[in-house]
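Colleague: Let me begin by handing over the structure; questions about it come next.
The values are calculated or read from the model by the stated rules, or taken from the named source; none is laboratory data. Quick caveat, the model's predicted, so the values are computed rather than measured. Cβ coordinates were reconstructed from backbone atoms using ideal geometry, including for glycine residues, and neighbour counts include every protein chain displayed.
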Amino acid sequence: MTVSTPPATTVRINRLERIWKETPGLLGWLTTTDHKRIGILYFFTSLFFFGAGGVEALLIRTQLIGPNQSTLDPATFNEMMSTHGTTMIFFFVVPMSLGAFGNYLIPLMIGARDMAFPRLNALTYWIFLCAGIFLYVGVFSGNAPSAGWFDYVPLASKAYSPGPGIDFYALSLLFVGISTTAGAINAIVTIFKLRAPGMSLNRMPLFCFAFLAVSFALVFALPALSTALILLELERLLGFHFFIPASGGDPILWQNLFWIFGHPEVYIIILPAFGIATSIIPTFVRQKMVAFPLVALAEILVAFLGFGVWAHHMFAVGLASATTIYFAAASLVIVIPSGIQLFSWITTIVTGTPRFKTPLLWIIGFIVLFIMGGLSGVTFAAIPFDQQTTDTYYVVAHFHYVIFGAAVFPLLGGMYYWFPKVTGRMYHERWGQASFWLTFVGTNITFFPMHILGLDGMPRRNYTYGPEMGWTGLNLIETLGAYLLALGLLSVFANLAISLFRGERAGNDPWGGDTLEWSTTSPPPEYNYAVIPKVSSPYAMWDEEDREEDRRNLELGRKTLERGHETPASTAVDAEWDEILEMPSHSAWPPLVALAMAAVFTMVLLQQWLGAAIFTAILALTVVGFHLKEPEEA
Amino acid sequence: MSSVPRSSIPRSMEASGPGEAGAVAAARRTAPSGWWGAALLIATEATLFSCLIATYFYLRFKTGEWPPNGIEKPSVTLPLVFTGMLVATSLPMFLSVKAAKGGAVRAAWWLLALATAVQATYLGLQIHLMVDDLNSFSPQVNAYASIYYTLITTHHAHVAIGLALDAWLLWKLARGITNYRLIALRVAAFYWYFVSVAAVAVVLTQLYPSL
Amino acid sequence: MLVVASIVFLGAVGMLVMGWVRRDRPGLPFVGENETANTFLVVLFGMGIPIAILVALFVISDLVLLKETDAPDAGSTAMTVTVVGHQWFWEASYEGGAETANEIHIPVRTPVELVARSADVIHSFWVPELNRKIDMIPGQANSIELYAERPGVFRGQCAEFCGLQHAHMAFRVYAEPRRRFDSWLASSERPAADPQSTQAKQGQRYFLEDGCAACHTIAGTQAEGTVGPNLTHLAGRDTIAADTLPNTPEDLFRWIQNPQSVKPGTKMPGLGLGAKKYHAIVAYLTELR
């Protein structure tokens, strides 16, 4: 800022800095409750799992580079393909979206100083870390799960998977599910209660609508998965009967419970990406989003409708005709809100004056890949077509286009977009563009031929294939594409890593951004905003008079909330100022609670029931500890 | 110098003592964050119970005889009476919250203690019934037994957690009331209303073959 | 579907290209900056056109075409073949009592009801050239219709991940003229041929005494095992190990001597009988027409 700061302002800022100062060093990171630090922790941990999942993918592709290869034996291949899916979905994409982007940006975008439950926020991170380690202890000890990421029974039952691999799968997912549920609850309460006074719902950025929709979807979808996993473990470890026909169970029960979770999960994966796209586009085309209310409504509808279509994953199972027809029809309905968002983005780009910088390139790549993935998805609603292509590489093509192309591309774009805000430095633009093109081309070379292979009859999850099948050429191309894709991603992250140390200093608002985070420093101070911002529209940064008023308020000490770790709470819809909340600052309890939980899950895995009971009691004590220090004593 | 434009906006966390906590609660226009968080947690637990109950009926409709393999149909009277006992504790819980909001902390404490005692008795009686059941058929016998015990044990676990919450509150409220503890009491009451509703759903499912 | 999808895709990409070409001019071409026009475009392309396309897609595929892939109505088929999926082979049985494995014969231009079951985990029966896939679920019997318009050999494979050798669980459907099918069926219903050559007789003895009979059935002998595929008329098949190897004496030898080298994880153990015994067993098996 080149404007000279009046002395009163400096005094206030110093006071806020003192109040909100983070404990230094490692201890500070271990006990932090600051949403930005937690976001950064989530970022690097999810990135690690992205790498692990990527290595698994490259191993799979290397095994499939030609017919009858022996890079991986069938047991290892099955472990790699199961772990790849599980890692990417549960330990990369959702934690990166919700935990990294959501945690870091939601309070900033709504003009708040932290999430509604800061210590719970920290706890969700430590649980995520412990759960990921838990799964990978299984992987590295030769006990990775090997029944696929959706783990159908009876293959996943004790009789056909006697080792502990499936137990690692089920327990690590139950464990991380606690984190994701708590994270979703935190996001919902934050978005409803902690918005800056004046930010009524219709003035809230679309990014927040997307995260609100995602969080509600998680709250209602995760319990179905938890139920399925609990029943599975009761059957595997304690001899209960739910899925085995001979004792009155039904394997299709697993499929129903799993997909009641699993289908909303795929919308959970993609909605944050929609939110990021709707943040980046207005900034780079310098125009407000076309049909804003329709887009907000569409984001909510996608989350809601996603609950009614799960059995379209089960069209080959032998369900009644009427049932399959209903689910096909319902699946088609989801195309509408997706279409509305898609054309709103495209129209905004066409009618604006776009600057094709790296973040926008990623979003345009996302739009193209999402259309392709969406189109192949629509074809599944043609039931006879689905009954031919399900379980083939056609499906693998579809979901990689929508998950990798449509969910990950915006994440990468978002990393470039918010890089200056988080680090205070700019990345190398030309290098960024080159990395985008490398990745985009690699993505298409890897995944497009899979449509053809699927239509040609190549089933998924096959560890090898014969030379006489005619699948050799395309598999070779896909594997080379995968290596190219990996190179593209390495280039992406090398750019960011090097720019972290060598990039040019960035100011508060290098892009001319539309949302509030661009009004504060880069990186933001611990307290985010010295003054709780005034908000009159969803494009707060483009309302100059409001930002002027903030500067005056800072000088006069209005809405600076300097008496402690304070942030305002407002009414849910109209954001009228209701209370001033005192936020916790540092706590050692979150990592301790997470460790106690990890101990309980480990005891269950090892079937040490007494140990599990003892550690449950210890867990209860840590939870009591968590609540010992009440806010007024902070 | 720091001032708030509307000086009537409470710094809620500073509220301690019976009158202040109640005043803060009365001044609020929306429910506190803690209550919202509890409501969402209850939503997830309600979904969990729905999935378990759906599983019960899914398995039922895949099976001919229910209960199968000569397991006796559950007896109706005692479970219903006990459930009624639990649902009845909603009244002292409700009154406890009302008392606390009005500043009558001792009354609130005793009402909570009464509710806790009945809830604990309920759990004890239910466990006794379950042990009786276990003596006649084990969960590993067939799918009916497995879902039967899973459903009621999940409910008992929720009751146990509620009792732990009660115990914590009784300990804290004995040392006085603050805004934080008042929110906690509201959350506990809300949680118990949920557990009561879940108890009715669970017992009706459990007794379904006999109804 | 491909045509419509391509049109939609190219249309959207075209709009993006237009966005790049017109990057310095705000607003739409011809219309300029007009919020109503923008919103109209979004509703037309995002809602209007999709609804039309999707309704058409739904009616054609899910109300009309679906009738052809549904389970056949009772009484509409001329015969029933039951196939049971195992890890990792296919057990097939016919109404007259004929049992075989991995190679199914059907008469051409005859509607056949294919009943799909499983003996262990979920498998999926899929002959892409003849019909959709149908899952084989333990405890359940699903059915589809198999109808071959012309004679030929149709390859099928398992289409639901079922464990270590899911990739090597294929099979063949032979659609043949009625007379040829009838004679195949008749010979399949007969018990196994007695071994003729000396080596084959020895092979039969080793087969029955050294462990093979514990898992395999050869009708008419004391071999009555049901863990592995039925071998009664093995010599009449073109492939072995669920269409993993051709049915030649060399491949047969390799398969039974060291099953793990062909299908790692297969349930057939290497019994360690020694080359002489294996050659004899192969001699016996090649006489089982």
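Colleague: Return the residues of the stretch A:236-248 that are over 13 Å from A:Leu155 (Cα atoms), more than 7 Å from every other protein chain (Cβ to nearest Cβ) and in contact with a helix residue (DSSP H, G or I) (Cβ under 8 Å, 6 or more places away or on another chain); say none if nothing qualifies.
Modeller: A:Leu237 - this is the single residue of the stretch A:236-248 that is over 13 Å from A:Leu155 (Cα atoms), more than 7 Å from every other protein chain (Cβ to nearest Cβ) and in contact with a helix residue (DSSP H, G or I) (Cβ under 8 Å, 6 or more places away or on another chain).
Colleague: Go through the stretch C:130-139 residue by residue and tally those that are more than 17 Å from C:Val81 (Cβ to Cβ) and surrounded by fewer than 24 Cβ atoms within 10 Å (Cβ to Cβ).
Modeller: Within the stretch C:130-139, residues that are more than 17 Å from C:Val81 (Cβ to Cβ) and surrounded by fewer than 24 Cβ atoms within 10 Å (Cβ to Cβ) number 2.
Matching residues to (1) of a type outside the set (Ser, Thr, Tyr); (2) surrounded by 14 or more Cβ atoms within 10 Å (Cβ to Cβ); (3) within 8 Å of chain A (Cβ to nearest Cβ); (4) out of contact with any Ser or Thr (no Cβ under 6 Å at 6 or more places or on another chain):
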| site | (1), (2), (3), (4) |
| --- | --- |
| C:Lys67 | yes, no, no, yes |
| C:Thr80 | no, yes, no, yes |
| C:Phe89 | yes, yes, no, yes |
| C:Glu99 | yes, yes, no, no |
| C:Asn102 | yes, yes, no, yes |
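Colleague: Let me ask you something else. Failed condition for A:Lys559, given (1) over 30 Å from A:Val535 (Cβ atoms); (2) buried (at least 21 other Cβ atoms within 10 Å of the Cβ), with all others met?
Modeller: (1)
Colleague: Can you find a residue that is farther than 23 Å from A:Thr227 by Cα, within 14 Å of another protein chain (Cβ to nearest Cβ) and at pLDDT 95 or above anywhere in the stretch B:142-162?
Modeller: No, that holds for no residue.
Colleague: I need the helices (runs of 4 or more DSSP H) fully contained in the stretch C:10-96, keeping only those with at least 3 residues that are aliphatic (A, V, I, L, M).
Modeller: Of the helices (runs of 4 or more DSSP H) lying wholly inside the stretch C:10-96, those with at least 3 residues that are aliphatic (A, V, I, L, M) span C:35-43, C:49-57.
Colleague: Here's a follow-up. Can you run down the residue pairs with Cβ atoms below 9 Å, 6 or more apart or on separate chains, where the first is in the stretch A:424-437 and closer than 19 Å to A:Asn508 by Cβ and the partner is of a type in the set (Asp, Glu)?
Modeller: Sorted first by the residue in the stretch A:424-437, then by its partner, the pairs are A:Arg425/A:Glu504; A:Met426/A:Glu504.
Colleague: A further question follows. Tally the residues that are surrounded by 23 or more Cβ atoms within 10 Å (Cβ to Cβ) and under 13 Å from A:Phe216 (Cα atoms), restricting the search to the stretch A:268-305.
Modeller: Total meeting the criteria: 6.
Colleague: Which pairs turn up if I take residues in the stretch B:19-32 that are in contact (Cβ under 8 Å) with a residue 40 or more places away in the chain and look for partners that are of a type in the set (D, E, K, R) with beta carbon separation below 6 Å, at least 6 apart in sequence or on another chain?
Modeller: Between residues of the stretch B:19-32 that are in contact (Cβ under 8 Å) with a residue 40 or more places away in the chain and residues that are of a type in the set (D, E, K, R), the close pairs are B:Gly22/B:Lys101; B:Ala25/B:Lys101.
Colleague: For the condition in a helix (DSSP H, G or I), farther than 22 Å from A:Ile367 by Cβ and more than 13 Å from chain C (Cβ to nearest Cβ), what is the one hit in A:Leu253, A:Leu305, A:Leu271, A:Leu257?
Modeller: Within the list A:Leu253, A:Leu305, A:Leu271, A:Leu257, the selection yields A:Leu257.
Colleague: Out of the stretch C:1-40, which residues are among the hydrophobic types (A, V, I, L, M, F, W, C), farther than 30 Å from A:Phe385 by Cβ and crowded, with 16+ Cβ neighbours inside 10 Å?
Modeller: C:Leu28, C:Ala37
Colleague: Determine which member of the set C:Arg172, C:Arg132, C:Arg150 is assigned to a loop (DSSP other than H, G, I, E, B), more than 9 Å from chain A (Cβ to nearest Cβ) and touching a residue at least 40 places away in the same chain (Cβ under 8 Å).
Modeller: Sole residue among the options that is assigned to a loop (DSSP other than H, G, I, E, B), more than 9 Å from chain A (Cβ to nearest Cβ) and touching a residue at least 40 places away in the same chain (Cβ under 8 Å): C:Arg150.
Colleague: Give the residues of the stretch A:323-348 that are at the interface with another protein chain (Cβ under 7 Å from one of its Cβ atoms) and either closer than 24 Å to C:Phe30 by Cβ or more than 24 Å from the chain's Cα centre (by Cα) (or both), sorted by residue number.
Modeller: Listed by number, the residues that qualify are A:Ile325, A:Ala328, A:Ala329, A:Leu332, A:Gly339, A:Ile340, A:Leu342, A:Phe343, A:Ser344, A:Ile346, A:Thr347.
Colleague: Check off (1) surrounded by 22 or more Cβ atoms within 10 Å (Cβ to Cβ); (2) of a type in the set (Lys, Arg); (3) at pLDDT below 95 for A:Arg502 and give me the number that stays unchecked.
Modeller: (1)
Colleague: Is the stretch A:558-568 home to any residue that is within 14 Å of chain B (Cβ to nearest Cβ), closer than 24 Å to A:Asp34 by Cα, in a helix (DSSP H, G or I) and more than 32 Å from the chain's Cα centre (by Cα)?
Modeller: No.
Colleague: Further question on the same structure: Give the stretch B:16-65 a look and list any residue that's facing chain A (nearest Cβ under 7 Å), of a type in the set (Val, Ile, Thr) and either assigned to a helix (DSSP H, G or I) or closer than 24 Å to B:His158 by Cα (or both), or say none.
Modeller: Of everything in the stretch B:16-65, those that are facing chain A (nearest Cβ under 7 Å), of a type in the set (Val, Ile, Thr) and either assigned to a helix (DSSP H, G or I) or closer than 24 Å to B:His158 by Cα (or both) turn out to be B:Thr44, B:Thr47, B:Thr55.
Colleague: A further question on this structure: Within the bounds of the stretch A:79-90, is there any residue that is part of a helix (DSSP H, G or I), of a type in the set (Val, Ile, Thr) and under 21 Å from A:Pro590 (Cβ atoms)?
Modeller: no
Colleague: Kindly indicate the residue of the stretch A:376-386 that is among the aliphatic types (A, V, I, L, M) and free of Cβ contacts under 8 Å to residues at least 60 places away in the same chain and also farthest from the other protein chains (Cβ to nearest Cβ) among those meeting that condition.
Modeller: Top of the filtered list is A:Val378.
Colleague: Moving on to the next point. Within the stretch A:157-166, can one find any residue that is under 26 Å from A:Ala187 (Cβ atoms), in contact with a helix residue (DSSP H, G or I) (Cβ under 6 Å, 6 or more places away or on another chain) and either part of a loop (DSSP other than H, G, I, E, B) or modelled with pLDDT of 95 or more (or both)?
Modeller: no
Colleague: So A:Ala397 passes all but one of these: (1) aliphatic (A, V, I, L, M); (2) touching a residue at least 60 places away in the same chain (Cβ under 8 Å); (3) buried (at least 23 other Cβ atoms within 10 Å of the Cβ). Which condition number does it fail?
Modeller: The one condition A:Ala397 does not meet is (2).
Colleague: Let me ask something else about it. Here are the criteria: (1) part of a helix (DSSP H, G or I); (2) buried (at least 24 other Cβ atoms within 10 Å of the Cβ); (3) aliphatic (A, V, I, L, M). Tell me which single one A:Met199 does not satisfy.
Modeller: Failed condition: (1).
Colleague: Of these, A:Leu231, A:Leu212, A:Leu218, which one is more than 14 Å from chain C (Cβ to nearest Cβ) and either free of Cβ contacts under 8 Å to residues at least 12 places away in the same chain or within 22 Å of A:Phe91 (Cβ to Cβ) (or both)?
Modeller: Answer to the check: A:Leu218.
Colleague: Among residues belonging to the stretch A:136-178 that are away from every other protein chain (no Cβ under 12 Å) and of a type in the set (Gly, Ala, Ser), point out the one that is nearest to A:Asp250 (Cα to Cα).
Modeller: The residue in question is A:Ala170.
Colleague: Report, by residue number, each residue of the stretch A:349-375 that is part of a helix (DSSP H, G or I) and more than 8 Å from every other protein chain (Cβ to nearest Cβ).
Modeller: Answer for the stretch A:349-375, where residues must be part of a helix (DSSP H, G or I) and more than 8 Å from every other protein chain (Cβ to nearest Cβ): A:Thr358, A:Pro359, A:Leu360, A:Leu361, A:Trp362, A:Ile363, A:Gly365, A:Phe366, A:Leu369, A:Phe370, A:Gly373, A:Gly374.
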